[in-house]
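Structure record follows, encoded as structure tokens.
The values are calculated or read from the model by the stated rules, or taken from the named source; none is laboratory data. Everything numeric in this text was worked out from a predicted model, so none of it was measured. Positions of Cβ are backbone-derived with ideal geometry, glycine not excepted, and every protein chain shown enters the neighbour counts. The area values use the complete protein model at the heavy-atom level, side chains included, leaving out ligands, DNA and RNA. Shrake-Rupley method; radii C 1.70, N 1.55, O 1.52, S 1.80 Å.
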Amino acid sequence: MTLLADLGALLPEIALVIGAVALLTYGVFQGEESRDDLVSILCVGLLLGAVALVASTGGAAAAAFDGAFRIDAFSQFSKAIIFGAAAFAILMSADASPTGALKRFEYPVLIVLASVGMSLMVSANDLIALYMSIETQSLALYVLAAFNRDSRRSTEAGLKYFVLGALSSGLLLYGASLVYGFAGSTSFPAIAAVATGPAASPGLVVGLVFVICGLAFKVSAAPFHMWTPDVYEGAPTPVTAFFAAAPKVAAMALFARALVGAFPEAVADWRPVIAMIAVASMAVGSVSAIVQTNIKRLLAYSSIGHMGFALVGLAAGTEDGVAGVLIYMSIYVVMTVGSFACVLMMRRQGGRTENISDLSGLATTDKGLALILGVLLFSLAGVPPTGGFFGKLFVFAAAVETGMIWLAVVGVLMSAIAAFYYLRIVKIIWFDDAAPAFLREGGARLGLIASLAAALMLPGLLFLIAPLQAAANTAAASLF
Amino acid sequence: MEPLVVLLPLFGAMLSMPLSRVAGAKASEVLTSGLLGVAAIYSWALFFDVAIGGHDRTRVLFEWIGSGAFQVDWAVRLDTLSATMLVVINSVSFLVHVYSMGYMKEYGETPRFFAYLSLFTFAMLMLVTADNFVQLFFGWEGVGLASYLLIGFWYKKKSANDAAIKAFVVNRVGDFGFALGIFCIFYVFNTVQFDEVLNAVRTNAVATPFLAAEGAPVRQLTISVFGADWHALTIIGVLLFIGAMGKSAQFLLHTWLPDAMEGPTPVSALIHAATMVTAGVFLVCRTAEIYEAAPAAAAMVTLIGATTAFFAATVGLLQDDIKKIVAYSTCSQLGYMFFAAGVGAYGAAMFHLFTHAFFKALLFLGSGAVIIGMHHEQDTKKMGGVINLLPLTHIFMLIGTIAITGVGVPGVKLFGVPLGTAGFVSKDMVIESAFLAGADGRAFGMFAFFMGLGAAAMTAFYSWRLMFLTFYGPSRAPDHVVKHPHEVPSTMLAPLAPLALGALVAGMAFYPQFVGDKSVAFWNGALPGTGAAVEMVADAHGGDDGHATEDSHAAEAAHASGGLAAEASTSEASTSKASANAADEHGSEHGSEHGGHHVPTWVLWAPFAMMLLGSGAAFAHYSGRNPLKPGLLREGGMIYAFLKNKWYFDEIYDRLLVRPALAIGRFLWKAGDGRIIDGLGPDGVAASVAAGARRLVKAQTGYMYHYAFAMLIGVGIFMTYVLVRAGGGQ
């Protein structure tokens, strides 16, 4: 395979990198005078262009750089979601902080660079590529978390994320070196050839567990979740909105490819571990959120819980299970982007508010926002016929088909508990005494994004669920 | 076009509230009343077309439920029975709408009130125009709902809410029986269509119960209930009658009706006098074929009806609240209608229903005028001398009183019609029918006759007592009321006039159709023992299609009934003959008026004599200067207390049913639900989840080394698990 073909396969990523560097250069030369709005818009354009490039490559599977990266329907599906979510994150940030610290040209560029890392993650088909892409992503994310460097909370969040991320990278690397040592190769297909049958080699399984723990950190699954609430709360809200959406999809896709691609025969070894992580995440996410008073922390626990639900599909380890994960993550991203758009609209004179009690009586002061948030919360809770319900339906169905009925039952119980805190917010919005109204200026784009998400979750998905399922099935099939 | 007669009130009900927002309360009052006025005129037109003209028809609108053999349609069935009800309902409803414009003026919230009134009217019309039991049940529940809403119209008043709930709950008991009856009907007949069910009963067709192996002629059919075999039609008849008892406030299920007087007075007039409470009578008449084939069920109807007539009259004797007196009077008159139906005189029952609607609505609306005039005073003991304050109202009430007491001239017939007020004509007809049935050996016929006579005397007594206490003698009202009686608007008095006219002449005017010489053609098959028998004859004899003279009609009716009944059993023959004889008696023009071979002269004079007796007693006691002086029954006496406390029914029910139910409910609530289910279930789980949440969150310290430690613990656990598992596998 020629270098040209290799580069061609990674054209979207290369285009993004070149664009990002060009914009960075432009920004540096303009200095303080730089028109960050222009950079933002160009970054959105870059990401959307990347989506188009991804879509244009067709469904045929291809490998690049000696099989280090694999381009197939699975990676295409994931990349489309990642780039889309990143674009929306930029759009939301620009609107969310008219005067804030995020008005710097580096901000959208960092998101683009993180997207490159994520894009490589979902294509990674080799342990080295896996690690390199994760770090590409993470370095950008660490900076983003501490982006508001004048804020103590923001810098604390960035530091915590960085140190704990380093620890997880250590776990991951240690696991990867063990796997390489026992399998004799870093390439997923080569590992798969060795790791046959349950408990083929204890050393390989130990390495696998370390890798799983490292990746679980990235999807913020329990018990590797504890950074999540602190970082979500401390980071600037637009950054949190980005964190909650695209990186989760990338990590989850990487998780799926690493397990299904490198250890397909050792499914009996990793399935119980994934199931335990899923149960722990669902429990932590559902239960801890109940006592939260800060909406960002609540959404952090909510995302931990949702990762647990998605992992139920991965624990199934089947084609249907992976398809369920993809469907779940797509719906999750839409819900999350919509919810954070709503959170970003919670602005009063003197700054942004983050307390759940500030939403009190929203229905009387802003009926539209109350309705949108209501739909999104119902969807997050998984109440039919909203999108969240279908997501859960597919992962639980996959679990049941593989005989893990207990896991599905636990999942249903946990989603019942989770419903409590989502519906409590609905109750606060619709039935409690009205708090002062939020500012409405400059929230038009956020309102549009939020209502688009809500529209997708309630009436939209009823029509889109069939094509979404078809696409996810195709993507999942390319993994097996 | 026919559906409009049912739907116009519905439009009114739906438009009333929105219209009031746009154009004010007055507009919605006028609109609902106007729509009702159109419906009333149209229903009179339909009455003359369908009942007098004989153009029966059923308009099926569309299918409601279709599930296997279970087919239910929305329909408008127009025959004499439903046309009669249409006239009663729409006319009285229209007058009550107009009256309410005046009555409700001071209370406010009129759009809601008029919406409810119109909704009630719609439901009642659905009930009477049903062509199947399920639509009838729909209307039945609809009127129950509207009644509940209207009794509790002043929802801020606790007594009104209590009364509304009581009415609803007591009706639930009846409705449960009714629903079971409908289930039984479907079980036996595999249909809920009136025509199919009643035809099957009439012709004694073979009926195969649902899923049963083999059928039997329906009159011999038995069904198994609680392990014993029962006569199917008797079971059905009794169950349907239990429904009727609830709706029509019959003995044992009557307790809600007096309490229902908590509602606004127009409501009492419309729902609790003229229309809804008569739904039970309508039901028995509609399903008359079943009762004809189930003598035991008919006997129960007679027994309960006669008991109610007597019982309610006794309680009415000592009531002081002007509306409660009229309420017990209503209860008593409903008893008359039921025992008339029970002895097979369905025409007489419907006739009394028809005339009663006029004079009872008149009395209620008149009472409402008195209440308004006396500054919302309802206690007759604090009235007296109202004749000077409200002379016009007095005249209307006097007309109502002579109508209900039954003033007339017995033994005189002009143009074949008895001479007297509406109540005289129809009530005497009912009492005579009971006597005839009793003489023919129909169960409880004689009992009903004597109870009816006793009730007639008491009716006269309490009606005149009400008049004396309210209108005559010295005033006992406070000075400011006497000096400044509240103005009674003309919208309240105008509707009384047509009712008064009806109370005077409706009996004479419609006597020939309902029970007289034209009844066969009038009912046209809607009721057995009248047209139905003739139809049977016509069918049997081919050419004889009912153009014979009235005499031969009656004779053939008797013959047909007898002949038909002979197929079934001899007891039925005698009952059918009784009703046929009644028709014969009143159908004969040439015989000496009251010297018929079945009704002795004393029987004809007896109700009149009882009326004189009761009126005389009331006059003797209440016409003096001090009408409140102790009379035969002294306060403190046992009988006085017994009657004053309404035979202690409320107390007995309270002890036997309400308190145990509350005790059980409280136990299940506090111990069962609160402690066990909530304690271990939702509350317990919720509490432990919340506690777990607090503990989990406590682990979220914010220190990085705690977080890192948690991660390493996780790694440790998973590693241990995998290695132990791998070791165990090897």
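See the values below:
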{"quantity": "A:V122 of a type in the set (V, I, T), open to solvent by less than 30 Å² (accessible area, probe 1.4 Å) and either under 25 Å from A:S78 (Cβ atoms) or assigned to a helix (DSSP H, G or I) (or both)", "calculated": "yes"}
{"quantity": "Only one of B:F358, B:F364 that is open to solvent by 10 Å² or more (accessible area, probe 1.4 Å), aromatic (F, W, Y) and in contact (Cβ under 8 Å) with a residue 24 or more places away in the chain", "calculated": "B:F358"}
{"quantity": "Number of positions in segment A:261-288 that are more than 10 Å from chain B (Cβ to nearest Cβ) and open to solvent by 10 Å² or more (accessible area, probe 1.4 Å)", "calculated": "7"}
{"quantity": "All positions within segment B:200-224 that are polar (S, T, N, Q) and surrounded by fewer than 14 Cβ atoms within 10 Å (Cβ to Cβ)", "calculated": "B:S224"}
{"quantity": "Test for A:P436: is it open to solvent by 60 Å² or more (accessible area, probe 1.4 Å), in contact (Cβ under 8 Å) with a residue 60 or more places away in the chain and not in a helix (DSSP H, G or I)", "calculated": "yes"}
{"quantity": "Residue within segment B:637-648 that is within 31 Å of the chain's Cα centre (by Cα), assigned to a helix (DSSP H, G or I) and either exposed (fewer than 11 other Cβ atoms within 10 Å of the Cβ) or among the basic types (K, R) (or both) present", "calculated": "yes"}
{"quantity": "Count of segment A:206-234 residues which are within 8 Å of another protein chain (Cβ to nearest Cβ) and open to solvent by 10 Å² or more (accessible area, probe 1.4 Å)", "calculated": "5"}
{"quantity": "Selection from segment B:378-413 of residues that are assigned to a strand (DSSP E or B), touching a residue at least 24 places away in the same chain (Cβ under 8 Å) and under 20 Å from B:F351 (Cβ atoms)", "calculated": "B:G408, B:P410, B:G411, B:V412, B:K413"}
{"quantity": "Within segment B:650-730, helices (runs of 4 or more DSSP H) holding 1 or more residues that are within 14 Å of another protein chain (Cβ to nearest Cβ), in contact with a helix residue (DSSP H, G or I) (Cβ under 7 Å, 6 or more places away or on another chain) and aromatic (F, W, Y)", "calculated": "B:704-729"}
{"quantity": "Options A:A397, A:A300: the member that is over 28 Å from A:A235 (Cα atoms) and of a type in the set (A, V, I, L, M)", "calculated": "A:A397"}
{"quantity": "Pairs with Cβ under 6 Å, 6+ apart, first in segment B:600-621 and under 15 Å from B:F449 (Cβ atoms), second open to solvent by less than 40 Å² (accessible area, probe 1.4 Å) and assigned to a helix (DSSP H, G or I)", "calculated": "B:V603/B:F435; B:A606/B:L453; B:P607/B:D428; B:P607/B:I431; B:P607/B:A456; B:M610/B:L453; B:M610/B:A456; B:M610/B:A457"}
{"quantity": "Residue under evaluation A:G305, criteria (1) farther than 30 Å from A:A256 by Cα; (2) within 14 Å of another protein chain (Cβ to nearest Cβ), criterion not met", "calculated": "(1)"}
{"quantity": "Selected residue (only one of B:V370, B:V267 is within 15 Å of the chain's Cα centre (by Cα), crowded, with 24+ Cβ neighbours inside 10 Å and modelled with pLDDT under 95)", "calculated": "B:V267"}
{"quantity": "For B:V170: the one exception among (1) open to solvent by 10 Å² or more (accessible area, probe 1.4 Å); (2) touching a residue at least 40 places away in the same chain (Cβ under 8 Å); (3) within 28 Å of B:A83 (Cα to Cα); (4) not basic (K, R)", "calculated": "(3)"}
{"quantity": "Top-ranked residue of segment A:174-205 - restricted to ones that are open to solvent by 40 Å² or more (accessible area, probe 1.4 Å) and of a type in the set (A, V, I, L, M), ranked as nearest to the other protein chains (Cβ to nearest Cβ)", "calculated": "A:A200"}
{"quantity": "Contacts under 7 angstrom Cβ, first residue in segment A:339-356 being in contact (Cβ under 8 Å) with a residue 12 or more places away in the chain and open to solvent by less than 10 Å² (accessible area, probe 1.4 Å), partner part of a strand (DSSP E or B) and not small (G, A, S), 6 or more apart", "calculated": "A:M346/A:R352"}
{"quantity": "Some residue of segment A:235-249 being within 11 Å of chain B (Cβ to nearest Cβ) and either open to solvent by less than 10 Å² (accessible area, probe 1.4 Å) or over 30 Å from A:M92 (Cβ atoms) (or both)", "calculated": "no"}
{"quantity": "Exclusive hit being within 10 Å of chain B (Cβ to nearest Cβ) and farther than 20 Å from A:A300 by Cβ, set A:L171, A:L167", "calculated": "A:L171"}
{"quantity": "Qualifying residue in segment B:187-194 (condition: part of a strand (DSSP E or B), touching a residue at least 12 places away in the same chain (Cβ under 8 Å), open to solvent by 10 Å² or more (accessible area, probe 1.4 Å) and closer than 28 Å to B:G144 by Cβ)", "calculated": "yes"}
{"quantity": "Sole exception among (1) out of contact with any Phe, Trp or Tyr (no Cβ under 8 Å at 6 or more places or on another chain); (2) open to solvent by 10 Å² or more (accessible area, probe 1.4 Å); (3) away from every other protein chain (no Cβ under 14 Å) for A:L159, by number", "calculated": "(3)"}
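Let's see how each residue does on (1) assigned to a loop (DSSP other than H, G, I, E, B); (2) surrounded by fewer than 24 Cβ atoms within 10 Å (Cβ to Cβ):
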position	(1), (2)
B:Y462	no, no
B:T470	no, no
B:P474	yes, yes
B:H486	yes, yes
B:A497	no, yes
B:Q513	no, yes
B:A521	no, yes
B:A526	yes, no
